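Participant: Just dropping this structure here.
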Amino acid sequence: MGRGSRSWFPLALLGIAQVAMAAVQLLSRRSAAEGESANLLLGPPSAGAPEYSRAQWLSQDAFYSLGRGLPTGLLWLGALGVVLVGTAVWYAVVRRSVRTGWFVLGTLGALVAVPLLDLVGSWQFRLGDGVRGPLLATLGLLVLAAYERSRLVLLTAFVFAVIAVVLSADIVGVLLSAAVLLAAAFAVLLRRAPDTLP
């Protein structure tokens, strides 16, 4: 497995970030019943009502469309930024011999590259919000697999990509891919030799 014993933390961090992302997405949604209750409370403006009250009134469909939740692409960018910084700090602590200047430059470069790659995926390849995030996460997992020389992380990246991209529009896909990452993190921890550092 090479140096793969340290890869448990980035895998677990990405899995936890995805669970948090699914929770935020669920909490930010409004239900159809909330849209109907807003119509009952607000009611349509009367014919002689001033113009500002007409502009403030929302139909049920408009109210419901406003409550669809946070944009998936924004959630993925936030989650990937947190995972990237957390992973960088993890490796800085684990590998104390790292050169600080190159380490900081590499971390900042990766933080800038994530939104740029997201823009390229959106504008150039016309990928949807729910596809770009998992593909960027898969790219990060492939970099981690190469760095750690770990076949397990490589296999995890493949399974993650299949689940996250196929079920990208659904919260179930986010949770299943998070479960794959967390299971891989536990597998790395269980396979680690007891006398090695994390």
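Participant: Would you rank I163, I16, I171 by solvent-accessible area, highest first, keeping every protein chain in place and using a 1.4 Å probe? Don't skip to the answer; put the middle values down first.
Facilitator: Details: I163 40, I16 100, I171 20 Å².
Ranked list, largest accessible area first: I16, I163, I171.
Participant: What is the Rg over Rh value, at two decimals, for region 104-198, using alpha-carbon atoms and the Kirkwood definition of Rh?
Facilitator: Details: Rg = 14.9 Å, Rh = 14.5 Å.
We get a ratio of 1.03 for region 104-198.
Participant: Continuing with the same structure: Could you give me the ³J(HN,Hα) list for region 138-147, computed from phi with Karplus coefficients 6.51, -1.76, 1.60 and θ = phi - 60°, whole Hz, x at Gly and Pro?
Facilitator: Calculated HN-Hα couplings, in order: 5, 4, x, 5, 5, 5, 4, 5, 5, 5 Hz.
The values are calculated or read from the model by the stated rules, or taken from the named source; none is laboratory data. For clarity, every value in this text was computed on a predicted model and none was experimentally measured. With ligands, DNA and RNA removed, areas are computed over all heavy atoms of the protein, side chains included. Shrake-Rupley method; radii C 1.70, N 1.55, O 1.52, S 1.80 Å.
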